[in-house]
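Each remark here refers to the structure printed beneath this line.
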Amino acid sequence: MYKTIIRWVVLLIGVGYLFQPLHAQPNRDVSVAKPNNTLSTIDSISYSSDSLSDSLLSKSDSLLSNEKDTLKNSSAITDVLSYSSKDSVYVDMKTGIAYLYSEAKVDYIGSKLEADYMEIDMNKSEVLAKPTIDSTGENIGIPHFTDASNTFDAKEIKYNFHTKRGLIKEVTTQEQEIYVHGQVVKKYENDVSFIKKAQFTSCDLEHPHFDIRAFKAKVIPHDKIVMGAAMMFIENIPTPLVIPFAVLPNSTKRKSGILIPTVGQTQRDGFFFRGLGYYFRFNDYVDLKIDGDAYTGGNWEVRGNLRYALRYKFSGGLGFAYSQNFQGIRGDPNRAKRTGISVQWAHNQDAKAHPNSRFSANVNYTNSAYSQYANNINDYLTNTTTSNISYSIDFAKKLHLTLNGAASYNTNTSTMEIILPTINFTVDQLYPFRRKHAIGKRKWYETISFNYNLLAQNTISAPDTMLFTKKTLDEMKNGIQQNATLSSTVKIFKYINWTNSFVYHEYWYTKNIKKEYAGDTLKTINQNGFKTTRDFSYNTNINFKLYGILRFKKGAIKAFRHVLTPSVGFTYRPDFSTPFWNSYETYTDPNGVVHQYSKYANSLYGGPPSGMVGSVNFSLNNTFDMKVRNRKDTANPEKNISLLDYFSISTSYNMAADSLRWAPITLSARTVLFQRLNIQVGASFDFYKIDSNGQRYNEFFWINNKYKTLRFSRTDLAISLSWSLNPKAKPKADNTNNPSPYPFHSYASPMYDESDLLWQPIDFNVPWNLNLGYNLNYIVTPNPKTNKLQHDVVQTITLTGSISITPKWQITFGTGFDIMAKKFTITTINFSRDLHCWEMGFYWIPFGTRTEWNFHIRIKSSIFQDIKYEKRKDFRDNEYY
């Protein structure tokens, strides 16, 4: 009896718990009603029931709230499907539909879906996700979908896990740089989406500042976006910009395609197309951009940029530009055509490619006609272009061979200098008498070292119009110079350094000169053939250091130190102008005066010097610093301060000379004040007098002179200041020293020239930044004819900086002023406004020969970079001939 009653009580409690109602959360209005035919949450008590499958009963505990479960009870679902919800999960066993409430999550083979309400149809492998509405009418738990290739939010998502197809309403997703808004989207298994009433924008706001709207569109991931008739809207206002169809790139990989030009008008050249061209992507290693400019006034330019790269091997680029510009207007009889040429080639070998050899190239040639009309202000300011191609290889880690070709071109003088080839062979310093396995103290002879260097060059220098003429080739200079040095340094009494060296130079040439008079004319005749000459010298030097320290027990200064380094040396060199060395010859002028000359005076490396040298050299170098107490920093209680980096005095006495044996006394000093102000001073005082032509003669200056001193001959003063008034400002990235291995335009953003000041990055986080620079060069020399001092002064001031007027407004500027010439250098002012997904700027050069201004409003995204408004006036509009 009692057992029967207990069984019925337990059965009633189980049934009551089985059908207990759902408890809704406070202040929450669930917009989706709970189905009447659902099975409520199952208790964990084990029992048998024909209405429940064994697989479901075995996992009944996991169906409780705040728990996860996996369903694999459907033939349509072929893998584990994990789901969870914060509130409750209901399963209708008749229809095979599960209902998830509050922060529902579903995960199936990498596809994840989150929403506040979901319905899972296990038979069809479909899920329906919706948000719910709270008591204030706001949506809660907007559906969010993520898989291997897509991430998006939507108002409603219906998705089939088996076919990977879905129907999505009011979706927002991102494809590369483009944000896609769609009212209705059909998603297929290959991730291709068809969109009805689509909006495309680069603005990340829910209500974007601008968008391009199309009634129908197709999105192919990692490929393209195709849309039908579309119209551009700005702040939800339609604009006249209507296109019948459009294809937008949707891939990180570059593809071949047309480069859209910039259209405009200038006063001098008329209407123009700038940047019209085509981009060729051959493969992952080579691409090419060809574009050009065309003006109705007759001017035009064509450019080509080829880039190549092979990982762990090399990278580089080749650029070429050809332009024609007319000076004057149409109909002017004096109208002249100027042809501009620019060639650039950069090649960099990866260090891992060949450890013992390296090839590099940096070719940059721009003629004056191209730089004068260049759109890039840096090209306009560059007066000299340099090029260099080199190949180096190492042998046995001791021998080094470098082959080099170089050229420089001055656009002002139109002079070209070519150095081709240059051969440099070097032997590392060798110690021929040093033991391989030294035991004990090193012997003096083990310090003897030897090194060798060979340098061969061929040079041509001439105006570009006469570069390869016969006269220029005849004046070509070439030669080989060999240098060998034998040296040794030993210690004397532990503190004195004694250095001895023997230096030998040998010169090989293909010609030398001969001078002779033909009547009253002195002629210089080239004598072709293999010619050699040489010189050598011996040097010995002794130096040591003396330290003087003054200590203070009290006060801010703890110690003062003076380091004195005296040096005494001797140099010997024979007189190579004697006939024995066959390096000098003589000629007699019509007056019977004999003149001596070097046969190698016009050669590449010159020839041996004349006159014997037996010179004793003296120098005295001083440094001054002090140590101060730093009471504010307990971790570093002492601080070293350099007072004078060096103060040097030097002279020499040539015992072998028959006159003018004393060299001038030279003084030089350098110090840095406040870590910003660099000061260098130099002065020279001579022992001898000079004549009216400034030539020294063998009479001491103090003889018959009321000033019993040395003769003042020269003073140099150089001061440079570099001061950042806001040192905490973040420094901008320097593109001149980094980075890009290619000195060409960026293909990712072909409308910008990264080297132009107009497109420099703006840091709106820095409120202000000001950099002040000052340079002074002051030279004083006596004028021998007037006996007065001549003053030469060069002073320049540079000022650059930026000011953030507001968090979105910034002004950047740069200028310079030549104080002596009373002229400004090129002054630039740039106003920038951050418009979120847009940017606005005004670039201005207010005065000078390069006067111009440029106003633009454009979209930041490179996808929509051609949607812009631009108005400009440059220096070309001010030219009239």
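The values are calculated or read from the model by the stated rules, or taken from the named source; none is laboratory data. From a predicted model like this one, the values you see are computed outputs, not experimental measurements. Cβ placement follows ideal geometry from the backbone for every residue including glycine, while neighbour counts extend to all protein chains displayed. These accessible areas exclude ligands, DNA and RNA; they are computed on the full protein's heavy atoms, side chains included. Shrake-Rupley method; radii C 1.70, N 1.55, O 1.52, S 1.80 Å.
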Qualifying residue in the stretch 399-411 (condition: modelled with pLDDT of 95 or more, hydroxyl-bearing (S, T, Y) and more than 30 Å from G275 (Cα to Cα)): yes
From G614, G607, G592, residue being part of a loop (DSSP other than H, G, I, E, B) and either in contact with a strand residue (DSSP E or B) (Cβ under 7 Å, 6 or more places away or on another chain) or touching a residue at least 40 places away in the same chain (Cβ under 8 Å) (or both): G607
Some residue of the stretch 260-268 being part of a strand (DSSP E or B), touching a helix residue (DSSP H, G or I) at 6+ places or on another chain (Cβ under 7 Å) and surrounded by fewer than 18 Cβ atoms within 10 Å (Cβ to Cβ): yes
Looking only at the stretch 147-158, and only at residues there that are farther than 19 Å from P208 by Cβ and at pLDDT 85 or above, the one that is surrounded by the most Cβ atoms within 10 Å (Cβ to Cβ): I157
Breaking point among (1) modelled with pLDDT under 85; (2) more than 30 Å from Y285 (Cα to Cα); (3) buried (at least 19 other Cβ atoms within 10 Å of the Cβ), for E206: (3)
Flag if Y742 is at pLDDT below 50, among the hydroxyl-bearing types (S, T, Y) and in a loop (DSSP other than H, G, I, E, B): yes
Residue within the stretch 550-565 that is open to solvent by less than 50 Å² (accessible area, probe 1.4 Å) and touching a Pro at 6+ places or on another chain (Cβ under 9 Å) present: no
Tally of residues being under 15 Å from L81 (Cβ atoms), assigned to a strand (DSSP E or B) and either in contact (Cβ under 8 Å) with a residue 40 or more places away in the chain or among the charged types (D, E, K, R) (or both) across the stretch 100-110: 3
Residue ID - modelled with the highest pLDDT, chosen from residues in the stretch 287-321 that are of a type in the set (F, W, Y) and open to solvent by less than 70 Å² (accessible area, probe 1.4 Å): Y308
Filtered residues of the stretch 827-840 (kept if open to solvent by 50 Å² or more (accessible area, probe 1.4 Å) and touching a strand residue (DSSP E or B) at 6+ places or on another chain (Cβ under 9 Å)): F831, R833, L835, E839
Hey, Y308 more than 26 Å from the chain's Cα centre (by Cα), of a type outside the set (D, E) and farther than 28 Å from Y179 by Cβ or not: no
From F200, F215, residue being under 27 Å from N139 (Cα atoms), assigned to a strand (DSSP E or B) and free of Cβ contacts under 8 Å to residues at least 24 places away in the same chain: F215
The lone exception for I341 - which of (1) among the hydrophobic types (A, V, I, L, M, F, W, C); (2) in contact (Cβ under 8 Å) with a residue 40 or more places away in the chain; (3) under 21 Å from D464 (Cβ atoms) it fails: (2)
Options V247, V242: the member that is at pLDDT below 85, outside any loop (DSSP other than H, G, I, E, B) and touching a strand residue (DSSP E or B) at 6+ places or on another chain (Cβ under 6 Å): V247
Residues of the stretch 111-159 that turn out to be farther than 25 Å from S251 by Cα, aliphatic (A, V, I, L, M) and not in a strand (DSSP E or B), as a count: 2
Close pairs (6 angstrom Cβ cut-off, 6 or more residues apart or separate chains): among the charged types (D, E, K, R) in the stretch 416-441, part of a loop (DSSP other than H, G, I, E, B) anywhere: D428/K398
Those residues of the stretch 625-644 which are open to solvent by 50 Å² or more (accessible area, probe 1.4 Å) and in a strand (DSSP E or B), in sequence order: K627, R629, E638, K639, N640, I641, S642, L643
Q429 vs. criteria open to solvent by less than 50 Å² (accessible area, probe 1.4 Å) and in contact with a Ser or Thr (Cβ under 6 Å, 6 or more places away or on another chain): no
Output for the stretch 434-468, where each listed residue is part of a loop (DSSP other than H, G, I, E, B) and open to solvent by 50 Å² or more (accessible area, probe 1.4 Å): R434, R435, K436, H437, A438, I439, G440, K441, R442, K443, F468
Residue count, the stretch 326-340 (criterion: at pLDDT 85 or above and either surrounded by 14 or more Cβ atoms within 10 Å (Cβ to Cβ) or more than 21 Å from W300 (Cβ to Cβ) (or both)): 1
